[in-house]
Amino acid sequence: GDGTNTDRKSPKKIMENVKDISAGSYYSLILKTDNTLWATGNNSSGQLGDGTNTDRKSPVKIIDNVKNISAASHSLLLKIDNTLWATGENSRGQLGDGTNIDRKIPVKIMENVKDISAVSHSLIIKADNTLWATGYNGEGELGDGTTTDKNSPVKIIENVKQISAGGNHSLILKTDNTLWATGYNGAGQLGDGSFQNRNYFVPMYLP
(Lines give C-alpha, C1' and ligand atoms only; values in the text may rest on other atoms or scores of the structure.)
Protein backbone atom coordinates (compact mmCIF):
# COMPACT_ATOMS: atom_id res chain seq x y z
CA GLY A 1 0.00 0.00 0.00
CA ASP A 2 2.96 2.39 -0.35
CA GLY A 3 2.20 3.33 -3.98
CA THR A 4 4.82 1.01 -5.48
CA ASN A 5 5.48 -2.65 -6.24
CA THR A 6 8.91 -2.48 -4.60
CA ASP A 7 9.59 -5.02 -1.85
CA ARG A 8 10.59 -3.37 1.44
CA LYS A 9 13.18 -4.53 4.00
CA SER A 10 12.10 -2.09 6.69
CA PRO A 11 8.70 -0.68 7.74
CA LYS A 12 7.31 2.30 5.83
CA LYS A 13 4.50 4.53 7.02
CA ILE A 14 1.34 3.96 4.97
CA MET A 15 -1.47 5.94 6.60
CA GLU A 16 -2.70 7.44 9.85
CA ASN A 17 -5.71 7.01 12.14
CA VAL A 18 -5.86 3.23 11.76
CA LYS A 19 -7.48 1.02 14.40
CA ASP A 20 -7.55 -2.50 12.90
CA ILE A 21 -5.88 -4.49 10.12
CA SER A 22 -6.14 -7.88 8.42
CA ALA A 23 -3.73 -9.35 5.87
CA GLY A 24 -5.08 -11.75 3.24
CA SER A 25 -3.62 -13.52 0.23
CA TYR A 26 -1.46 -10.73 -1.26
CA TYR A 27 -3.80 -7.97 -0.12
CA SER A 28 -4.51 -5.88 2.97
CA LEU A 29 -7.63 -4.61 4.71
CA ILE A 30 -7.36 -1.48 6.85
CA LEU A 31 -10.00 -0.13 9.24
CA LYS A 32 -9.63 3.53 10.17
CA THR A 33 -10.77 5.21 13.37
CA ASP A 34 -13.75 6.73 11.54
CA ASN A 35 -14.89 3.15 10.75
CA THR A 36 -14.15 3.45 7.03
CA LEU A 37 -12.67 0.38 5.36
CA TRP A 38 -9.70 0.76 3.03
CA ALA A 39 -7.94 -1.93 0.97
CA THR A 40 -4.86 -2.42 -1.19
CA GLY A 41 -3.08 -5.20 -3.08
CA ASN A 42 -4.23 -8.21 -5.10
CA ASN A 43 -7.79 -7.87 -6.40
CA SER A 44 -8.04 -10.74 -8.88
CA SER A 45 -11.24 -12.10 -7.32
CA GLY A 46 -12.67 -8.77 -6.18
CA GLN A 47 -11.46 -9.25 -2.62
CA LEU A 48 -10.79 -5.53 -2.18
CA GLY A 49 -14.46 -4.86 -2.76
CA ASP A 50 -14.01 -1.71 -4.88
CA GLY A 51 -16.11 -2.98 -7.79
CA THR A 52 -13.13 -3.96 -9.96
CA ASN A 53 -10.56 -6.70 -10.45
CA THR A 54 -7.77 -4.14 -10.61
CA ASP A 55 -4.85 -4.54 -8.20
CA ARG A 56 -4.18 -1.45 -6.08
CA LYS A 57 -0.79 -0.08 -4.97
CA SER A 58 -2.29 2.40 -2.52
CA PRO A 59 -5.24 2.01 -0.15
CA VAL A 60 -8.64 2.83 -1.65
CA LYS A 61 -11.76 3.52 0.38
CA ILE A 62 -14.29 0.70 0.16
CA ILE A 63 -17.21 1.16 2.56
CA ASP A 64 -18.34 3.03 5.68
CA ASN A 65 -19.52 1.91 9.12
CA VAL A 66 -17.31 -1.17 9.52
CA LYS A 67 -16.17 -2.45 12.93
CA ASN A 68 -14.47 -5.80 12.27
CA ILE A 69 -12.62 -7.34 9.31
CA SER A 70 -11.13 -10.69 8.29
CA ALA A 71 -9.09 -11.22 5.10
CA ALA A 72 -8.23 -14.49 3.32
CA SER A 73 -8.75 -14.83 -0.45
CA HIS A 74 -12.12 -13.32 0.34
CA SER A 75 -13.04 -10.57 2.78
CA LEU A 76 -15.55 -10.65 5.63
CA LEU A 77 -16.76 -7.27 6.90
CA LEU A 78 -18.81 -6.81 10.06
CA LYS A 79 -20.64 -3.50 10.06
CA ILE A 80 -21.60 -1.37 13.06
CA ASP A 81 -25.22 -2.52 12.73
CA ASN A 82 -23.99 -6.13 13.18
CA THR A 83 -24.70 -7.12 9.57
CA LEU A 84 -22.14 -9.36 7.85
CA TRP A 85 -20.96 -8.49 4.35
CA ALA A 86 -18.52 -10.38 2.08
CA THR A 87 -16.59 -9.89 -1.15
CA GLY A 88 -13.98 -11.72 -3.24
CA GLU A 89 -13.33 -15.36 -4.10
CA ASN A 90 -16.37 -17.62 -3.75
CA SER A 91 -15.40 -20.82 -5.58
CA ARG A 92 -16.12 -22.86 -2.46
CA GLY A 93 -19.07 -20.83 -1.21
CA GLN A 94 -16.95 -19.05 1.38
CA LEU A 95 -18.86 -15.78 0.99
CA GLY A 96 -22.04 -17.50 2.12
CA ASP A 97 -24.35 -15.69 -0.33
CA GLY A 98 -25.91 -18.91 -1.68
CA THR A 99 -23.76 -18.97 -4.84
CA ASN A 100 -20.27 -19.87 -5.99
CA ILE A 101 -19.86 -16.60 -7.89
CA ASP A 102 -16.98 -14.24 -7.02
CA ARG A 103 -18.11 -10.78 -5.92
CA LYS A 104 -16.40 -7.43 -6.62
CA ILE A 105 -18.46 -5.42 -4.15
CA PRO A 106 -19.53 -6.44 -0.64
CA VAL A 107 -22.84 -8.33 -0.47
CA LYS A 108 -24.94 -8.68 2.67
CA ILE A 109 -24.88 -12.20 4.12
CA MET A 110 -26.69 -12.17 7.46
CA GLU A 111 -27.70 -10.10 10.49
CA ASN A 112 -27.03 -10.21 14.25
CA VAL A 113 -23.36 -11.18 13.89
CA LYS A 114 -20.72 -10.44 16.52
CA ASP A 115 -17.51 -12.15 15.33
CA ILE A 116 -15.97 -13.48 12.11
CA SER A 117 -12.93 -15.46 10.92
CA ALA A 118 -11.98 -16.28 7.30
CA VAL A 119 -9.59 -18.65 5.52
CA SER A 120 -10.91 -20.90 2.70
CA HIS A 121 -13.99 -21.18 4.86
CA SER A 122 -15.79 -18.66 7.02
CA LEU A 123 -16.72 -18.94 10.70
CA ILE A 124 -19.40 -16.68 12.12
CA ILE A 125 -20.62 -16.14 15.68
CA LYS A 126 -24.08 -14.65 16.03
CA ALA A 127 -25.32 -12.50 18.89
CA ASP A 128 -26.89 -15.56 20.56
CA ASN A 129 -23.46 -17.30 20.65
CA THR A 130 -24.37 -19.81 17.95
CA LEU A 131 -21.62 -20.79 15.50
CA TRP A 132 -22.36 -20.73 11.78
CA ALA A 133 -20.02 -21.76 8.95
CA THR A 134 -19.79 -21.70 5.16
CA GLY A 135 -17.28 -22.51 2.43
CA TYR A 136 -14.69 -25.23 1.90
CA ASN A 137 -15.35 -28.37 3.94
CA GLY A 138 -13.18 -31.03 2.32
CA GLU A 139 -11.46 -31.87 5.60
CA GLY A 140 -14.49 -31.31 7.84
CA GLU A 141 -13.42 -27.83 8.92
CA LEU A 142 -16.99 -26.53 9.05
CA GLY A 143 -17.80 -29.07 11.76
CA ASP A 144 -21.27 -29.96 10.45
CA GLY A 145 -20.65 -33.72 10.36
CA THR A 146 -19.96 -33.80 6.61
CA THR A 147 -17.15 -33.05 4.16
CA THR A 148 -19.48 -31.23 1.75
CA ASP A 149 -18.83 -27.58 0.89
CA LYS A 150 -21.55 -25.10 1.81
CA ASN A 151 -22.40 -21.84 0.01
CA SER A 152 -24.74 -20.52 2.71
CA PRO A 153 -24.02 -20.36 6.44
CA VAL A 154 -25.22 -23.41 8.36
CA LYS A 155 -25.71 -23.54 12.11
CA ILE A 156 -23.07 -25.74 13.73
CA ILE A 157 -23.02 -25.50 17.52
CA GLU A 158 -24.18 -23.32 20.42
CA ASN A 159 -22.46 -21.49 23.28
CA VAL A 160 -19.42 -20.24 21.34
CA LYS A 161 -17.60 -17.04 22.31
CA GLN A 162 -14.41 -17.04 20.20
CA ILE A 163 -13.36 -18.50 16.84
CA SER A 164 -10.26 -18.99 14.72
CA ALA A 165 -10.30 -20.42 11.18
CA GLY A 166 -7.04 -22.16 10.32
CA GLY A 167 -5.61 -23.92 7.31
CA ASN A 168 -8.28 -26.60 6.85
CA HIS A 169 -9.23 -26.74 10.52
CA SER A 170 -11.24 -24.62 12.95
CA LEU A 171 -10.89 -23.78 16.63
CA ILE A 172 -13.69 -22.56 18.88
CA LEU A 173 -13.72 -21.41 22.48
CA LYS A 174 -17.02 -22.14 24.16
CA THR A 175 -18.67 -20.00 26.82
CA ASP A 176 -17.61 -22.53 29.50
CA ASN A 177 -13.98 -21.85 28.44
CA THR A 178 -13.48 -25.29 26.86
CA LEU A 179 -11.55 -25.48 23.57
CA TRP A 180 -12.89 -27.55 20.67
CA ALA A 181 -11.57 -28.27 17.16
CA THR A 182 -12.56 -29.84 13.84
CA GLY A 183 -11.06 -30.48 10.39
CA TYR A 184 -7.67 -31.64 9.16
CA ASN A 185 -5.54 -33.28 11.85
CA GLY A 186 -2.57 -34.74 9.99
CA ALA A 187 -0.07 -32.93 12.23
CA GLY A 188 -2.15 -33.22 15.39
CA GLN A 189 -3.39 -29.63 15.20
CA LEU A 190 -6.79 -30.53 16.65
CA GLY A 191 -5.09 -31.57 19.90
CA ASP A 192 -7.48 -34.46 20.55
CA GLY A 193 -4.73 -37.05 21.05
CA SER A 194 -4.96 -38.42 17.52
CA PHE A 195 -3.97 -37.71 13.93
CA GLN A 196 -7.49 -38.41 12.68
CA ASN A 197 -9.42 -35.81 10.73
CA ARG A 198 -12.75 -34.76 12.28
CA ASN A 199 -15.87 -33.39 10.63
CA TYR A 200 -17.46 -32.39 13.93
CA PHE A 201 -16.09 -30.47 16.89
CA VAL A 202 -14.17 -32.51 19.46
CA PRO A 203 -12.73 -31.26 22.76
CA MET A 204 -9.02 -30.50 22.79
CA TYR A 205 -7.07 -32.30 25.51
CA LEU A 206 -5.36 -29.66 27.60
CA PRO A 207 -2.93 -30.25 30.49
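The values are calculated or read from the model by the stated rules, or taken from the named source; none is laboratory data. Remember, predicted model here, so these are calculated numbers, not experimental data. Backbone-built Cβ (ideal geometry, glycine too); neighbour counts: all protein chains shown. The protein model used for the area step is the full one, side chains on, heavy atoms only, and it has no ligands, DNA or RNA in it. Shrake-Rupley method; radii C 1.70, N 1.55, O 1.52, S 1.80 Å.
A Cβ distance below 7 Å, combined with a sequence gap of six or more or placement on separate chains, defines the contacts here; from the stretch 20-37, residues that are open to solvent by 30 Å² or more (accessible area, probe 1.4 Å) reach residues that are of a type in the set (Phe, Trp, Tyr) in the pairs Lys32/Trp38.
Residues of the stretch 141-153 that are out of contact with any Gly (no Cβ under 8 Å at 6 or more places or on another chain) and crowded, with 18+ Cβ neighbours inside 10 Å: Asp144 alone. Which residues, taken from the stretch 50-70, are under 20 Å from Gly3 (Cβ atoms) and among the small types (Gly, Ala, Ser)? Ser58 - this is the single residue of the stretch 50-70 that is under 20 Å from Gly3 (Cβ atoms) and among the small types (Gly, Ala, Ser). Looking at this structure, is Val113 under 24 Å from Gln196 (Cα atoms) and either open to solvent by less than 40 Å² (accessible area, probe 1.4 Å) or aliphatic (A, V, I, L, M) (or both)? Spelling it out, it is not the case that Val113 is under 24 Å from Gln196 (Cα atoms) and either open to solvent by less than 40 Å² (accessible area, probe 1.4 Å) or aliphatic (A, V, I, L, M) (or both). Looking at the structure I just gave you, is Trp38 touching a Pro at 6+ places or on another chain (Cβ under 6 Å), hydrophobic (A, V, I, L, M, F, W, C) and within 18 Å of Ile101 (Cα to Cα)? So Trp38 does not fit the description; no. Entry remark, the stretch 190-199: residues being within 19 Å of Leu131 (Cβ to Cβ) and exposed (fewer than 15 other Cβ atoms within 10 Å of the Cβ) number 0 in total.
So which residues in the stretch 155-189 are part of a strand (DSSP E or B) and open to solvent by less than 40 Å² (accessible area, probe 1.4 Å), if there are any at all?
Ile156, Ile157, Val160, Ile163, Ala165, His169, Ser170, Ile172, Lys174, Ala181, Thr182, Gly183
Screening Leu84 against (1) at negative phi; (2) open to solvent by less than 40 Å² (accessible area, probe 1.4 Å); (3) over 14 Å from the mean Cα position of the chain (by Cα) leaves a single unmet condition, (3). Can you spot a residue in the stretch 153-162 that is of a type outside the set (Phe, Trp, Tyr), over 13 Å from Leu76 (Cα atoms), within 12 Å of the chain's Cα centre (by Cα) and modelled with pLDDT of 95 or more? Within the stretch 153-162 (the criterion being of a type outside the set (Phe, Trp, Tyr), over 13 Å from Leu76 (Cα atoms), within 12 Å of the chain's Cα centre (by Cα) and modelled with pLDDT of 95 or more), the answer is no, since none of the residues qualifies. Residues in the stretch 87-106 that are buried (at least 19 other Cβ atoms within 10 Å of the Cβ) and either closer than 20 Å to Gly41 by Cβ or not charged (D, E, K, R) (or both): 10 in all. Once the stretch 116-137 is narrowed to residues that are of a type outside the set (A, V, I, L, M), over 8 Å from the mean Cα position of the chain (by Cα) and open to solvent by less than 20 Å² (accessible area, probe 1.4 Å), the residue that is nearest to Gly88 (Cα to Cα) is Gly135.
For first residues located in the stretch 180-207 and more than 16 Å from Gly167 (Cβ to Cβ), partners that are at pLDDT below 95 and among the basic types (Lys, Arg) and lie 6+ apart or on another chain with Cβ distances below 7 Å do not occur.
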